[in-house]
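Working notes, beginning with the structure itself.
The values are calculated or read from the model by the stated rules, or taken from the named source; none is laboratory data. Computed from a predicted model, the values in this text were never measured in an experiment. Virtual Cβ from ideal backbone geometry, glycine too; neighbours counted across all protein chains shown.
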């Protein structure tokens, strides 16, 4: 059985700073377990910028599509140095992967 | 009132509903009230002033259009972001008076050059993000007081050359991102003094060759990004000094040759991406030389998008594939280009057949 292919995008572009599994450690960025359906800036134990905490949206497919295209545009003042994923299909695949990896 | 509810429910930062047939004075008051309510929630509106916050550590300032450039930056500022403006220059004394600055985010401007003295006032700087500017060079001595800098991002600038001297004094560097530039070669000794470098991203440049000593020296890389370049071969000396390497991205190059000992000594490899190259075959023993890592690849490997010739020379690889198929990305796109009888077959299927 082959890997969930989109997991590769995560390893390539996100895993430098994020983990996904339950109980995974915070790195430069927060562990993402439980992120779907959660308000921005709420992973327990991570020190967010105020900008992220106050963004006030719920992370879901739509908000993540917008965010991951250009994180610094979406959350002014984020510490995230990631420039974003231009390709819509890549973002869609990544979000599908995240849905599974952060909740099951 | 009906009109007002309609305006509120369909308000978006991009559109301003102009109420039709209302007293213009009343509509202006209601519009301001709406702006006040929305900005008080701080949810979806784009702020037209810089975001300022204070904590025990110090102040954080973030500015993006439609806000203007920051006028006043408190002396205790630890975080400063000035992004998405069209700045082509910054005055040499921009950072004067904020000695505690730890993070500086200047992405998506149009900075063409930086003054050599630019970072002198901020010796505690830990993160410098210059993504998406127009830098073609870095002035010598830029980092002379930057012994605390651990993350330097120069992604998507216009660097055509790189000189080792530009990165002098970055003793604490852990993460260096040079992706998305136009680098064709790298100078010898580029990374010679980096003892703590964990992540090196050279992806999406125009590198045709790598200096064989690129990764020798004291550094202990965990992650190496070389995807999206023009590399034609992977020599046996490149990775031998990096036994702690965990992630290796060589996809989307022009690799036709991988030396037999290329992966020797990589004891901790969790991810190997060789997809979208020109590999027809690999030397005997290549995979075995991954050692323990060959069976312990936590994240996986990708060999898709290569014109594999599925003859006996690939027997080694077939054996390894069958043993590790649960870690194989894009097995559906990993197919034989020859010999004729096997053209188009999945490598995994051929590997499993007697």
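Applying the set (1) part of a helix (DSSP H, G or I); (2) in contact with a helix residue (DSSP H, G or I) (Cβ under 8 Å, 6 or more places away or on another chain); (3) modelled with pLDDT of 95 or more; (4) within 14 Å of chain A (Cβ to nearest Cβ) to residue B:349 leaves exactly one unmet item: (2). Test residue A:27 against the stated conditions and say whether it is within 28 Å of residue B:56 (Cβ to Cβ) and surrounded by 19 or more Cβ atoms within 10 Å (Cβ to Cβ). Here the answer is no, as residue A:27 does not meet what is asked. Every test in (1) over 23 Å from residue B:200 (Cα atoms); (2) buried (at least 17 other Cβ atoms within 10 Å of the Cβ); (3) away from chain B (no Cβ under 11 Å) is passed by residue A:21 save one, and that test is (2). If only residues of segment A:80-94 that are assigned to a helix (DSSP H, G or I) and surrounded by 18 or more Cβ atoms within 10 Å (Cβ to Cβ) are counted, the one that is nearest to the other protein chains (Cβ to nearest Cβ) is A:93. All conditions but one from (1) within 14 Å of another protein chain (Cβ to nearest Cβ); (2) modelled with pLDDT under 90; (3) in contact with a strand residue (DSSP E or B) (Cβ under 9 Å, 6 or more places away or on another chain) apply to residue B:335; the one that does not is (2). Considering segment B:47-66, and only residues there that are crowded, with 18+ Cβ neighbours inside 10 Å and facing chain A (nearest Cβ under 7 Å), the residue that is farthest from the chain's Cα centre (by Cα) turns out to be B:51. Looking across segment B:312-332 at every residue that is surrounded by fewer than 16 Cβ atoms within 10 Å (Cβ to Cβ) and farther than 18 Å from residue B:354 by Cα, the one that is modelled with the highest pLDDT is identified as B:332. Taken together, the residues in segment B:172-213 that are surrounded by 21 or more Cβ atoms within 10 Å (Cβ to Cβ), in contact with a strand residue (DSSP E or B) (Cβ under 9 Å, 6 or more places away or on another chain) and within 16 Å of residue B:231 (Cβ to Cβ) amount to 6. Here segment B:271-288 is the region considered, the condition is being modelled with pLDDT under 90 and under 18 Å from residue B:328 (Cα atoms), and the residue that is farthest from the chain's Cα centre (by Cα) is B:288. Condition check for residue A:56 on (1) in contact with a helix residue (DSSP H, G or I) (Cβ under 6 Å, 6 or more places away or on another chain); (2) facing chain B (nearest Cβ under 10 Å); (3) free of Cβ contacts under 8 Å to residues at least 40 places away in the same chain: one failure, at (1).
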